[in-house]
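No value in this document is a laboratory result; all are computed from the given coordinates. Keep in mind that what you see is a predicted model, and the values were worked out from it rather than measured. Counting neighbours? That spans all protein chains shown, and the Cβs are built from the backbone with ideal geometry, glycine included.
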Amino acid sequence: MDGTGYRIEPIGVIRSTLVDRKAAPRQGYEDAPEAWLELAPRVAAGLAGLTAGDEVIVLTWLHRAQRDVLQVHPRGNLEAPLTGVFATRSPDRPNPVGLHRVSVLDVAGLRVRVAPMEAIDGTPIVDIKPVLPRSADS
């Protein structure tokens, strides 16, 4: 490794009723609520073509994560063996990038309502990508 650093600029933030990391669901399908993606004006043109009903992957920066963690007990279960974070979905990891598959419920200006979203209020958004169909001819 040459020590080259990389800079990621957030494109917005999550607005959610979830405010406590410990109380948030671990995965979206575990009863996570709807949330709003509030995007910066500089990325407004990137929303062209995004509509209600689309499925997208939202990449976030898990800003409250511990970055020095390399092993965890999966899902906080102390009876489970320590496992490397690269084999888990732990938010604590060297580069805490969150990955959230959500459905778009509404697009209103610079705000996109999505569900389910397990990220807490104020989580920076790194990128939004469409879920692609699996067929090779799409």
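Taking the highest mean first, how do the peptides 44-53, 124-133 order by number of other beta carbon atoms within 10 angstrom per residue?
Taking the mean over residues of other Cβ atoms within 10 Å, the ranking is 124-133, 44-53.
Relative contact order (percent) for the chain, with alpha-carbon contacts under 8 angstrom and 6 or more residues of separation? Provide the component values of the computation, followed by the final result.
Details: 274 pairs, mean separation 53.8, N = 138.
With pairs under 8 Å counted, the relative contact order is 39 percent.
Please list 3J(HN,Hα) in residue order for segment 32-41, calculated via the Karplus relation 6.51 cos²θ - 1.76 cosθ + 1.60 where θ = phi - 60°; whole Hz, with x for glycine and proline.
Those phi angles translate into 5, x, 5, 8, 10, 9, 9, 9, 6, x Hz.
Counting other C-beta atoms within 10 Å, which of Glu79, Glu118 has the fewest, and how do the rest follow?
Lowest count first: Glu79, Glu118.
Around His73, what is the net charge, scoring Lys/Arg as +1 and Asp/Glu as -1 over all other residues with Cβ under 12 Å from its Cβ?
Computed value for this residue: -1.
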